[in-house]
Structures are given as structure tokens and as C-alpha cells.
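Here's the structure, in C-alpha cells; my notes come after.
The values are calculated or read from the model by the stated rules, or taken from the named source; none is laboratory data. All figures in this text were calculated on a predicted structure; none of them were measured in a lab. In this analysis, Cβ positions are derived from the backbone assuming ideal geometry, glycine residues included, and neighbour counts consider all displayed protein chains.
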Amino acid sequence: MTGAGTEGPLLVYRDDTGAQRFLALQAKTSVTIGRSSACDIRLPWDERVSRVHAGLDLVGSDWTLVDDGLSRNGTFLNGDRLNGRRRLRDGDTFVLGSTSFRFSDTTRATSQLTTVGEQLVTSASLSPTQRQIVMALCRPYKHDDPYATPASNQQIADELFLSVDAVKTHLRLLFQKFQIEDLPQNQKRVKLVERVLGLGLVSRRDL
């Protein structure tokens, strides 16, 4: 389905040719997404997507996004890795592999947008230096190592020929930009990596 032409809840995404696709949800109660030919939305070109990766279920009057841990690379909703089920609101974005989806429901008030959805960080909102820093921070995650940890300030400084203090300053600004400055210190860096990769601001090909 390449044109919207309908009101009510729908999913918007791009296929492997870059064409925008729409899936109207009005007449459905569940949707499966994955590489399998049995899925409602099939992504056979995306090798980072599992055969049955995630699903959407209508619960009462609300659509929910579900990932029960069957997918290898996870599902990221508004930049956060999804565990289990979350209710979707108009404007929410989620990522499977390298494919981004936007949930739209024009029948709902726009005030229902999540805070992260309202202030979604884009590549254009990152300065060149900030982009270099997040790429260096994410570098250990290049090969999907489950035991990877974010690069240290010293490692980032050495790679980019910056001082450690300069790296700290830029990271503080990034924590604020992604609204994670109030997290415990030992969680901020991991959360920043999750947000950056989950929103597709940096892909593993960039690393």
C-alpha cells in the first residue's frame, strides 16, 4: 500500500527502494512484522530483522507494540529498547533492524505524543563533532557483541584528537539533548548508545 488515503491508525515506513509505504490498521486487530512470508509486513531485504520480529496488537481501543524477546537485534521504540509490550501513541517511532516505522493515529489528540516523540532528535540536530563523538561512543557495538560497553572518554578523546574535558562537555550536551541527564551516571552512556542506534542516527555500517 503506497498511498495513505484513509483516516485512523496507520503505519508509515519505507521499503528497500525508498518508497514510502502505508498500512491502514482500521480493519485489523493484529499485525506481524518480520522477514517471513507469513508476516503482514514483510521486510526480506533487512538482514537484521528476524523472521517474526515484532507485532502490533489492538488492546481495547489502543494499539500496542510487542516484542517478547524473540528477535535477535531487538525493537526500539522512541529510541528505547522494547521489552514486552508498550502502548503506541500518535507520532511514536520504532525501529526494527534498519527499518523505521512511524505510528500515526489522527483520531487521537496530538497532546498524546510522548515527550521523546515531541522532541525527537534527528541527524540534522547533531553538530559534526557531536556526531563524531556518538559514533566513537558506539564503536564497540559494531559487531553486535552482547557484552560490548560504550567507549570511554579517553578512548573517544584519543580517536578524535580531543581533550578528555572536551569529550565530557559534548557528552553532557548530548545527555541533555536526549533527555537522559537525570539518569545515574553509570546508565547515561549505555542509554545514549541505545537511543542513537535505536533512532537510526548511527548505523553499524557507520562504525
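Some observations on this one:
A quick yes/no check of all residues on (1) in contact with a helix residue (DSSP H, G or I) (Cβ under 6 Å, 6 or more places away or on another chain); (2) within 19 Å of ASP90 (Cβ to Cβ); (3) buried (at least 19 other Cβ atoms within 10 Å of the Cβ):
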{"position": "GLY8", "(1), (2), (3)": "no, yes, no"}
{"position": "ARG14", "(1), (2), (3)": "no, no, no"}
{"position": "PHE22", "(1), (2), (3)": "no, yes, no"}
{"position": "GLN26", "(1), (2), (3)": "no, yes, no"}
{"position": "LEU43", "(1), (2), (3)": "no, no, yes"}
{"position": "VAL52", "(1), (2), (3)": "no, no, no"}
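- Flag: SER36 does not match the condition of being buried (at least 19 other Cβ atoms within 10 Å of the Cβ), in contact with a Ser or Thr (Cβ under 9 Å, 6 or more places away or on another chain) and without any contact (Cβ under 8 Å) to a residue 60 or more places away in the chain.
- Checked against the criterion of being crowded, with 18+ Cβ neighbours inside 10 Å, in contact (Cβ under 8 Å) with a residue 24 or more places away in the chain and in contact with a Ser or Thr (Cβ under 8 Å, 6 or more places away or on another chain), the candidates ASP67, ASP92, ASP57 yield just one match: ASP92.
- The one condition from (1) among the aliphatic types (A, V, I, L, M); (2) touching a Lys or Arg at 6+ places or on another chain (Cβ under 8 Å); (3) more than 15 Å from ASP206 (Cβ to Cβ) that ALA151 does not meet is (3).
- Among residues of region 132-148, those that are closer than 16 Å to ARG204 by Cβ, buried (at least 16 other Cβ atoms within 10 Å of the Cβ) and touching a residue at least 40 places away in the same chain (Cβ under 8 Å), counted: 6
- Residue in region 153-174 that is among the hydrophobic types (A, V, I, L, M, F, W, C), modelled with pLDDT under 90 and touching a Leu at 6+ places or on another chain (Cβ under 9 Å) present: no
- Only one of VAL52, VAL66 that is outside any strand (DSSP E or B) and modelled with pLDDT of 90 or more: VAL52
- Here is the figure for region 70-89: residues that are without any contact (Cβ under 8 Å) to a residue 12 or more places away in the chain and of a type in the set (Val, Ile, Thr) total 0.
- Within region 131-176, the residues that satisfy the criterion of being of a type in the set (Lys, Arg) and closer than 22 Å to LEU199 by Cβ are ARG131, ARG139, LYS142, ARG172.
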